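So the structure is just underneath, and the comments pick up after that.
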């Protein structure tokens, strides 16, 4: 059935952004066989970049929101890789999340759950994935979160 994932996004009140263009010399995604590797998507909301450091000027809730925004951008890139048809996604294979945080901040898993929970909410069991959630002393443009993904597609 075509449009199932789009319908779920609509029912959740979510809108995918346009697939962001790369900011440097790389491509937004690469497909190898039935796997789509999506380049890291940085936290960006309707009002621009979500910047800051977890454990300093951002709360865990702020980080969860930023990670969810990364998830929407990841799905937008997956949609572009699938010729506009999100229903070609078989599953999310892996997420790797980077959290701009202070040395003593230890809630990276809770922050990246903002993206993980979104994937499961939108894709159901196909959204369950392997994952890494790590700290970084800084991220591009000062953003709070960056997440990359691997999707299996048909």
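Laboratory data are not the source of any read-out in this text; all were calculated from the coordinates shown. Please read all numbers here as calculations on a predicted model, not as lab measurements. All Cβ positions, even for glycine, are placed from backbone atoms using ideal geometry, and neighbour counts span all protein chains on display.
Observations on the model:
- Estimated distance in nm for a label pair at residue 128 and residue 93, the labels positioned 7 Å out from Cα along Cα-to-Cβ: 1.9 nm
- Exposure proxy order (Cβ contacts within 10 Å, fewest to most) of 53, 94: 94, 53
- P(r) weight above 24 Å for the chain, C-alpha pairs, percent: 27 percent
- Against the chain, whose longest principal axis comes from its Cα atoms, helix 60-81 is set at around 30 degrees.
- Going from the residue with the fewest nearby Cβ atoms within 10 Å to the one with the most, 138, 116 rank 138, 116.
- Per residue, the average separation of C-alpha pairs within less than 8 Å and at least 6 apart gives the stretch 4-153 a relative contact order of 35 percent.
- Sequence of 91, 128, 69 once ranked by neighbouring C-beta atoms within 10 Å, starting from the fewest: 128, 91, 69
- Taking 0.36 nm per residue of separation and subtracting the Cα-Cα distance, full extension of the segment from residue 47 to residue 27 would add 4.8 nm.
- The C-alpha atoms of the chain define a longest principal axis, and helix 108-123 lies at about 20 degrees to it.
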